[in-house]
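Structure first, commentary second.
The values are calculated or read from the model by the stated rules, or taken from the named source; none is laboratory data. Please read these numbers as outputs of a predicted model, since none were measured by experiment. Cβ coordinates were reconstructed from backbone atoms using ideal geometry, including for glycine residues, and neighbour counts include every protein chain displayed. Accessible surface is based on the protein model in full, side chains and every heavy atom, while ligands, DNA and RNA are left aside. Shrake-Rupley method; radii C 1.70, N 1.55, O 1.52, S 1.80 Å.
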Amino acid sequence: QVQLVESGGGLVQPGGSLRLSCAASGSIFSFNTMGWYRQAPGKQRELVASMTSGGNTNYADSVKGRFTISRDNAKNTVSLQMNSLKAEDTAVYYCALTAWGSGKAYWGQGTQVTVSS
């Protein structure tokens, strides 16, 4: 079993920055993808950014150039640096880990990000 714990959400003004962090613990398969998803009220959950254990990244078009994902494989952590935040970035952000072998996905509890003046 894998547990994911997020931190770093909050309220920020448009144009501001936030950093989200996620720590994974438990039985973590070495080859995996860790990433961030978000879900705004009334909308489907969407991928924000992901990074494989080998370092390959994938970003949603809406956040390219503003958000940066990073991870520390030794510590099983993943972070999301969010700059130039917009009101439309407001959502609950979820950390996720997908194990390549089983394809099983694990989710954190979510952290609220609100961008508002």
When every residue in the range 52-72 that is open to solvent by 50 Å² or more (accessible area, probe 1.4 Å) and β-branched (Val, Ile, Thr) is compared, the one nearest to ASN32 (Cα to Cα) is THR57
Counting only residues that are of a type in the set (S, T, N, Q) and surrounded by fewer than 17 Cβ atoms within 10 Å (Cβ to Cβ), the range 22-51 contains a total of 5
Exception for VAL113 within (1) assigned to a strand (DSSP E or B); (2) more than 19 Å from GLN3 (Cα to Cα); (3) touching a residue at least 40 places away in the same chain (Cβ under 8 Å); (4) open to solvent by 30 Å² or more (accessible area, probe 1.4 Å) falls at (4)
Condition first: crowded, with 17+ Cβ neighbours inside 10 Å and either small (Gly, Ala, Ser) or over 21 Å from GLN1 (Cβ atoms) (or both). Can you find one or more residues in the range 73-80 that meet it? yes
Selection over the range 81-104 where residues are loosely packed, with under 13 Cβ neighbours inside 10 Å and either among the polar types (S, T, N, Q) or under 10 Å from the mean Cα position of the chain (by Cα) (or both) yields a count of 1
With criteria (1) more than 13 Å from the chain's Cα centre (by Cα); (2) at pLDDT below 95; (3) at negative phi, THR114 comes up short on (2)
Among (1) under 10 Å from the mean Cα position of the chain (by Cα); (2) on the phi > 0 side of the Ramachandran plot, ASN76 falls short only on (1)
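Where in the range 1-98 are the strands (runs of 3 or more DSSP E), entirely inside, with at least 1 residues that are of a type in the set (Lys, Arg) and in contact with a helix residue (DSSP H, G or I) (Cβ under 9 Å, 6 or more places away or on another chain)?
Once the strands (runs of 3 or more DSSP E) in the range 1-98 are filtered for at least 1 residues that are of a type in the set (Lys, Arg) and in contact with a helix residue (DSSP H, G or I) (Cβ under 9 Å, 6 or more places away or on another chain), what remains is 32-39.
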Of the candidates ALA105, ALA74, ALA87, the one satisfying the condition of being of a type outside the set (S, T, N, Q), free of Cβ contacts under 8 Å to residues at least 12 places away in the same chain and in contact with a Ser or Thr (Cβ under 7 Å, 6 or more places away or on another chain) is ALA105
